[in-house]
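Undergrad: Got a structure here, written out as structure tokens. Questions coming.
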Amino acid sequence: MSPNDTRRPVVDTLLAGRPRAPRAEGAAFAPANIALVKYWGKRDAALNLPVTSSLSISLGELGSETRVAPAGRPGDTVLLGPDPAPAGFAARVSAYLDLVRPAPDFGFRVETHNRVPTAAGFASSASGFAALALALDDLFGWALDLPALSILARLGSGSACRSVFDGFVEWTAGSRPDGMDSHGRRLDATWPALRLALLPIETSAKPVSSRHGMRHTVETSPLYAAWPETVARDLESARAAIATRDFPRLGATAEGNAMAMHATMHAARPPLVYWTPATIAAMRRAHALRDEGRAVYLTMDAGPNPKLLFEADQADAVRAAFPNAVIVAPFGGPSARKPVA
Ligand code: 2P0
């Protein structure tokens with residue numbers, strides 16, 4: 001059975017009674033997101049259903065802008081910026097488009113522009129699949145509600161279900177086998193002083209995809225058994241920190257959660273280590289800022305590039321310690337229209 005055999009009934013349920021004929025074009029933007037409490041491990045690989053819930057912050061203006069239109073001939077054209085997308089990514093997009101293709105000989109033209117500084121080594125499948133799901137909703141005129149759009153995005157990439165929303169987002173794991181209760185939801189909170197910094201350390205493609213890395217960890221790491229409990233505690237702590245604007249608590253929770261996730265990978269057999277010497281040097285530099293009494297924390301995904309978390313009053317110190325940092329204000333502020341250089 002192919003993954004699409006499992007996905008198709010879910011899509012049919014979501015689209016019941018909705019138009020199946022495309023209009024001339026659909027377009028949408030979706031932000032990238034950084035998880036503060038991570039998604040690491042699936043209970044269903046075809047539907048991207050997670051073992052645990054997770055909590056993220058969307059990156060405002062940084063993300064993917066996608067246009068989708070009928071190609072007018074069979075076969076899909078998938079462009080990333082002005083160029084054809086890499087074959088693996090294009091194949092993943094085409095498999096996703098198969099779920100909504102009006103006829104086997106119907107081709108789509110998909111154009112995606114990532115508004116993410118390429119120098120930051122930060123390309124996001126989350127914003128890409130979220131923008132594609134939203135653009136398809138626009139193309140077909142489905143007018144799906146946000147939970148349905150989040151589920152549709154999840155079928156492309158798990159973390160994409162969080163990129164349908166701005167601000168703080170919680171992805172509830174849910175328990176249904178069809179995943180209809182597994183989607184993102186925006187938390188009712190803003191934090192204008194919150195800042196993230198993307199640290200461009202390593203910009204080449206990572207050797208092991210997150211998709212493969214999480215499967216390998218779940219299957220072989222003796223530390224994975226402790227992960228769901230860690231996430232449950234960290235989610236409570238992150239929610240409380242957001243509700244009370246307790247930045248040191250939020251930062252420490254996010255950093256601890258990311259380190260615990262990497263610990264599960266380091267214990268996998270064979271071990272999975274995304275860190276490079278430059279990653280560790282950046283971690284030490286962040287810790288040195290903390291030793292000076294500055295509330296600067298870090299998080300890391302399945303790659304070598306840490307992301308820093310801090311508040312606006314630490315931006316100058318972060319810039320001084322990390323001259324290449326790309327600083328983002330997720331809730332706007334002076335940099336609402338574009339990332340602070
Ligand atoms: C996250 N990551 O919560 C975690 C932390 C990476 C580390 O979500 O297989 O690209 O498409 O569901 O969403 C990256 O995993 O994986 C990810 P799929 P995805 O942000």
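The values are calculated or read from the model by the stated rules, or taken from the named source; none is laboratory data. Since this is a predicted model, take the numbers as computed values, not measurements. Quick reminder, even Gly has a Cβ in these numbers, built from the backbone with ideal geometry, and neighbours come from all protein chains shown.
Undergrad: If a residue counts only when it is buried (at least 20 other Cβ atoms within 10 Å of the Cβ) and away from the ligand (no atom under 13 Å from the Cβ), which strands (runs of 3 or more DSSP E) contained entirely in the stretch 166-222 have at least 1 such residues? Break it down into steps so the answer makes sense when it comes.
TA: Details: elements: 168-171, 184-186, 194-198.
Fully inside the stretch 166-222 and qualifying: 168-171, 194-198.
Undergrad: Out of ALA95, ALA103, ALA46, I need the residue that is of a type in the set (Gly, Ala, Ser), within 16 Å of the ligand (Cβ to nearest atom) and without any contact (Cβ under 8 Å) to a residue 60 or more places away in the chain. Which one?
TA: When all the criteria are applied, what remains is ALA46.
Undergrad: Being assigned to a strand (DSSP E or B) and more than 9 Å from the ligand (Cβ to nearest atom) is the filter; apply it to the stretch 23-35 and report the residue that is nearest to the chain's Cα centre (by Cα).
TA: As a first pass, look at the stretch 23-35 and keep what is assigned to a strand (DSSP E or B): 26-35.
Restricting the remaining residues to those that are more than 9 Å from the ligand (Cβ to nearest atom) gives 26-32.
Numbers: GLY26: 22, ALA27: 20, ALA28: 16, PHE29: 14, ALA30: 10, PRO31: 9, ALA32: 6 Å.
Applying the filter and picking the extreme gives ALA32.
Undergrad: Would you be able to say whether some residue in the stretch 156-170 is at pLDDT below 95, among the aromatic types (Phe, Trp, Tyr) and farther than 20 Å from GLU25 by Cβ?
TA: So in the stretch 156-170, the residues at pLDDT below 95 come out as none.
So far as the stretch 156-170 goes, no, none of its residues is at pLDDT below 95, among the aromatic types (Phe, Trp, Tyr) and farther than 20 Å from GLU25 by Cβ.
Undergrad: Name, by its number, the condition in (1) part of a strand (DSSP E or B); (2) away from the ligand (no atom under 13 Å from the Cβ) that does not hold for PRO9.
TA: (1)
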